[in-house]
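A quick write-up on the structure given underneath.
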Number of protein chains: 2
Amino acid sequence: MKARIDVILKDGVLDPQGKAIHQALRHLGFEKVREVRQGKVIEIDLDETDKNRALSGLKTMSEKLLANQVIENYRITLQD
Amino acid sequence: MKARIDVILKDGVLDPQGKAIHQALRHLGFEKVREVRQGKVIEIDLDETDKNRALSGLKTMSEKLLANQVIENYRITLQD
């Protein structure tokens, strides 16, 4: 089973990478960009067929290792 | 209109961050993880209501700035 975990800075937390991309896009002429946030995406291939067990494992991985919950939110999506 | 762009290393391109996460997960006892790839996710808020114009702009942004197409693939998802 494949899954993806998005780890994105919480609203209100300064995102210098996002700001840099925003500025670069403006310099390239993309005036219609209102806001940019950059985060990480982690794609995981799991040897697991049970959806609930997969989700529970992915939640533990996110909270123990992948996301710093003080400043980041995570979002798990199962792909098949 | 909000959109997300995932930028992931192409298959076959070495992904040291993904490997490091994989090892760390194994050390934490997650034996069922087969593979891990890490990439970037860029969330963009666009002042644009036309889907086709939005998609075409996002494609240009990805190819000009966000993804290095020699080693990375990108995937655009419109969110509303």
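Where a number appears in this text, it was derived from the coordinates with a stated rule and is not lab data. This is a predicted model, so every value here is computed, not measured. Every residue, glycine among them, receives a Cβ derived from its backbone with ideal geometry; neighbour counts consider all protein chains shown.
Okay, here's what the table says:
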| quantity | calculated |
| --- | --- |
| Ascending list, in nanometres, of distances separating the residue B:11 label from those of the other copies (7 Å, Cα toward Cβ) | 3.9 |
| 7 Å along Cα→Cβ, label-point gaps from residue B:34 to other copies, nm, shortest first | 4.1 |
| Helix-only CD estimate at 222 nm, as mean residue ellipticity for the protein assembly as shown, using -39500 (n - 2.57) per DSSP H run (n ≥ 4) | -9000 deg cm²/dmol |
| Rg/Rg_ref, chain B, where Rg_ref = 2.2 N^0.38 Å and atoms are Cα | 1.36 |
| Centre separation in Å (Cα based) which lies between the range B:1-21 and the range B:60-80 | 11 |
| Position residue B:70, label points 7 Å along Cα→Cβ, spacing to each other copy in nm (shortest first, one decimal) | 3.8 |
| Unit charges on C-beta of K, R, D, E only; dipole of chain A, Debye | 300 |
| Which listed pairs, of A:51/B:19; A:40/B:51; A:32/A:59; B:10/B:32, have C-alpha distances above 28 Å, in listed order | A:32/A:59 |
| Pairs of alpha carbons in the protein assembly as shown whose separation is greater than 21 Å (percent) | 49 |
